[in-house]
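Everything on this sheet refers to the single structure shown next.
The values are calculated or read from the model by the stated rules, or taken from the named source; none is laboratory data. Note that the structure is predicted; figures quoted are calculated from it, not measured. Glycine also receives a Cβ, built like all others from the backbone with ideal geometry; neighbour counts cover every protein chain displayed.
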């Protein structure tokens, strides 16, 4: 009966959301009483969807194959964790997870939003309920996870083996939390447009939600990238796959939003642009979640989809996104414009950042959608691959990275570029010196690698410039510097760390792209090969049985240049239920570098072995972690929410005013 | 296996019917109770503010700012904000108050009790009505551990056969028993027992083309490469007795082919091809069989294939050399050279492919193919 109770809970949540949406958006001026009802309704929606989700989890755990979803995606022999994560390893279940996170965010706004003016609260929760009703309705009517089977099969069809990994337990929930979190910014933007009221308080409200979503999205993308890296067996960490792009676009737009909300909060400028970005970011999130389900894309992420469902999805996206932009077109002129500033200023730098990020979003969007549109209109199939993205995206990011360290050093309103430049000279010199040193030692031929390295070092060190200067490191006793470092406002630290993280990621990307080595060879047990100074010996070959798969296992001993040895097991698994093979690569870290070993296809009397050496590849994800950490630090900054502006800097000449 | 399902299911059918009858009622009671609780929570949320309404409606905005101000004071007291920051925050708040005064609009009349009740009625009607359409209140949960039919299904095939064998030992004249057990023996690889069982069936119910073919199949499977004279005779008899029987003709034709009696195979292949609808699984095999039989056992298709491949190779290698191509086309070319046993050209094509696609990531299938055929990777991948 728990399955049916879960079904009913989801339906009840849908009904409450539908009525709340109507009430909130039509009667939003009706004050406190409505606000109380909507808050209660938001909490109820969360509780009910949580019950529905738990009912699904329970059915998967006890292998109740009278639930069609479990019969199609589970298997009684699967380890418990994969039974649970299997709930969202498919279209219907992942919709429920998506809705669960949506209503969780709604409930959080209800819980933390007691101080919101009631009309704003009504509009925000009304919009949030509208989204819940739309997606819960879509789920119930076109992809109901609670479909039952009167003749349950004896055994489930099992989950796609690639998804039977701890990555599935972590990656989608993080990513969805990121996507869905931006719905709050979207709802606030709609509220601002409908009520015509937008001020710094609005920005202070939007920024923590943007930050929170951005942190989740950063972690979700990084996790997805690492998962693809170790699971797909090719050692690639980014494929410019349409779905990766679909998650990357909201990240870029969210990053822009984060920065423009900053300008709005501090200087009450860029209001309309911030509202526009809020809508764009969530629209791209919707695109990210649903483009894959509409059946017009195929990739690792595509769930089986039928054409009617795709049509419903596309029309829903068109109505939601189109409606939001229509509202924007009609109402944005009623919003009051804010403060003025000179082109060379912190505001100017942030606008430059937004400009580059928005163009990058455009480039990725074109590269992702153009082949689809062309295919739909003319039937011509073209593939826009990594070269296009690397070229356009790289060309857009290079100037952004070049000017990035200047931004935090510029004061608001009006700034002196030369003064900021002087403060960065030391860091620039350090970056150039290191690049030349590494290029000389590494014996680089003429390529883009040194330029990339230079940018990476420049951003990394430039991020630290302000922290070092403020702490007066080297100019005053170390103890005093340390005291100053600890006393620095968290906003300075989070800016520095966020930019530092980006620099680290850039360094990792450049290093792997330029200095990765690989070898493909055939080996028999007892033989060995060599790559970049690492000696790889193939010790033995075995066949082993796992809980729901059988595997060919190769055991290897890797001897590092320093003489350190490590035992590695690389596997090729065949899953019993589906007969699908997967590759479990063996990965060994050496500091920040990794050796990546894949047991290839079996040949008659030997084995294909692929080995990659990936120098400093861990920097890519370490950088993402540092960025997310910077976001968390910024969230803990109390001043973010009460709106205490930074006291004007004594260091800046007053003449600039 | 049809014989696995007999027995236990029926004996459990009774209690389940009882649950089926009572289940939906209990479920609806719970669903209505949940809806009632949710609606009550919403109703009291609407009422709650009225009871505590200490601040008049017009002061609502001020109330909001007072709360914010109190928050700042609390932060100063707890040391989260410095005095100058607090001052700036208060000034900022004052500016906001001024701005919002300008925005002040006429207060709409507050939400009435009636509106709330209409909303709640809509929630209840929508949820219960929708569930009545979409839900299955009568379906019980069926976790794997509690399913009785599983026990029946999991009944060991060997155990089931043993059971039937006991019955057959007591009553060897049970045609149905032998009919059930014979294909099971085939499935388990016990071909001699299967042949014996089919012999029994034929003895008891008389020979038909189908049964003779079944017996011949069991004999052939048991004999392996060597074949069986008895099977041959059985098949000939089946073909003779039933002019429309396809399976016996296929087997007999295959046997003639194996024995080199091509002239006798030709009419059989032609006969089955005449009966074909065009979607049979054996169609390609029969067509090839006929072609080979007509040509006295020489397979001409392989020669044609060789010619076709060399034609394709010339075209493809020219195009790839001048215009380049996808990694799949390179793989095709290398495969073609390997099939033609032209390893020098295969190696050259492989080298060119590696030069065109230096990343091993792109060349998964190609590398496997090439290394498997003994080619060497000496391209620029290192």
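The rows are residues; the columns are (1) under 22 Å from residue A:504 (Cα atoms); (2) out of contact with any helix residue (DSSP H, G or I) (no Cβ under 7 Å at 6 or more places or on another chain).
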{"position": "A:393", "(1), (2)": "yes, no"}
{"position": "A:405", "(1), (2)": "yes, no"}
{"position": "A:411", "(1), (2)": "no, no"}
{"position": "A:425", "(1), (2)": "yes, yes"}
{"position": "A:431", "(1), (2)": "yes, no"}
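Among the residues making up region A:134-148, those that are in a helix (DSSP H, G or I), touching a helix residue (DSSP H, G or I) at 6+ places or on another chain (Cβ under 7 Å) and either more than 10 Å from chain B (Cβ to nearest Cβ) or more than 28 Å from residue A:206 (Cα to Cα) (or both) are A:134, A:135, A:136, A:138, A:139, A:140, A:142.
Here are some residues: A:85, A:74. Which one is buried (at least 21 other Cβ atoms within 10 Å of the Cβ), more than 12 Å from chain B (Cβ to nearest Cβ) and under 26 Å from residue A:572 (Cα atoms)?
Among A:85, A:74, only A:85 is buried (at least 21 other Cβ atoms within 10 Å of the Cβ), more than 12 Å from chain B (Cβ to nearest Cβ) and under 26 Å from residue A:572 (Cα atoms).
Quick check on residue A:59: is it more than 9 Å from chain B (Cβ to nearest Cβ), in contact (Cβ under 8 Å) with a residue 40 or more places away in the chain, buried (at least 22 other Cβ atoms within 10 Å of the Cβ) and under 19 Å from residue A:164 (Cα atoms)?
Values: more than 9 Å from chain B (Cβ to nearest Cβ): no; in contact (Cβ under 8 Å) with a residue 40 or more places away in the chain: yes; buried (at least 22 other Cβ atoms within 10 Å of the Cβ): yes; under 19 Å from residue A:164 (Cα atoms): yes.
The answer is no for residue A:59.
So is residue B:335 within 14 Å of chain A (Cβ to nearest Cβ) and touching a residue at least 24 places away in the same chain (Cβ under 8 Å) or not? No, not satisfied.
Going residue by residue through region A:73-90, is there one that turns out to be at pLDDT 90 or above, touching a strand residue (DSSP E or B) at 6+ places or on another chain (Cβ under 7 Å), under 19 Å from residue A:169 (Cα atoms) and in a helix (DSSP H, G or I)? Within region A:73-90, none of the residues are at pLDDT 90 or above, touching a strand residue (DSSP E or B) at 6+ places or on another chain (Cβ under 7 Å), under 19 Å from residue A:169 (Cα atoms) and in a helix (DSSP H, G or I).
Residue count for region B:339-365 under the criterion of being in contact with a helix residue (DSSP H, G or I) (Cβ under 6 Å, 6 or more places away or on another chain) and at pLDDT 85 or above: the result is 5.
Under the condition of being in a helix (DSSP H, G or I) and crowded, with 24+ Cβ neighbours inside 10 Å, which residue from region A:20-32 is nearest to the other protein chains (Cβ to nearest Cβ)?
So in region A:20-32, the residues in a helix (DSSP H, G or I) come out as A:20-26, A:31-32.
Adding the requirement that they be crowded, with 24+ Cβ neighbours inside 10 Å leaves A:20, A:23-24.
On the way: A:20: 8, A:23: 6, A:24: 11 Å.
By that ranking, first place goes to A:23.
For the criterion of being within 16 Å of residue A:407 (Cα to Cα), assigned to a helix (DSSP H, G or I) and in contact (Cβ under 8 Å) with a residue 40 or more places away in the chain, residue A:507 fails.
Applying the set (1) closer than 19 Å to residue A:43 by Cβ; (2) at pLDDT 70 or above to residue B:68 leaves exactly one unmet item: (1). Here the condition is being assigned to a helix (DSSP H, G or I), touching a helix residue (DSSP H, G or I) at 6+ places or on another chain (Cβ under 6 Å), over 30 Å from residue A:275 (Cα atoms) and away from chain B (no Cβ under 14 Å); of A:209, A:214, A:227, it holds for A:227 alone.
Working only within region A:592-609, note down all residues that are in contact with a helix residue (DSSP H, G or I) (Cβ under 8 Å, 6 or more places away or on another chain) and either more than 14 Å from chain B (Cβ to nearest Cβ) or over 19 Å from residue A:524 (Cα atoms) (or both). Scanning region A:592-609 gives A:592, A:593, A:594.
Which of the helices (runs of 4 or more DSSP H) contained wholly in region B:144-233 include at least 3 residues that are at pLDDT below 85, in contact with a helix residue (DSSP H, G or I) (Cβ under 8 Å, 6 or more places away or on another chain) and surrounded by 13 or more Cβ atoms within 10 Å (Cβ to Cβ)? Spell out the reasoning first.
Working: elements: B:148-153, B:157-170, B:175-188, B:191-205, B:209-223.
Filter on region B:144-233 gives B:148-153, B:157-170, B:175-188, B:209-223.
Of the residues in region A:555-576, at least one is at pLDDT below 90 and within 14 Å of chain B (Cβ to nearest Cβ). A single entry from A:167, A:181 fulfils the requirement of being touching a helix residue (DSSP H, G or I) at 6+ places or on another chain (Cβ under 6 Å), more than 16 Å from residue A:90 (Cβ to Cβ) and part of a helix (DSSP H, G or I): A:181. Check region A:486-498 and report whether any residue there is at pLDDT below 85 and either within 30 Å of residue A:599 (Cβ to Cβ) or away from chain B (no Cβ under 14 Å) (or both). Yes, there is a match, as at least one residue in region A:486-498 is at pLDDT below 85 and either within 30 Å of residue A:599 (Cβ to Cβ) or away from chain B (no Cβ under 14 Å) (or both).
Which one is surrounded by the fewest Cβ atoms within 10 Å (Cβ to Cβ), of the residues in region B:328-367 that are in contact with a strand residue (DSSP E or B) (Cβ under 9 Å, 6 or more places away or on another chain) and part of a helix (DSSP H, G or I)? The extreme case among them is B:365. Each residue in region A:524-544 was checked for being over 15 Å from residue A:596 (Cβ atoms) and outside any strand (DSSP E or B), and 5 of them qualify.
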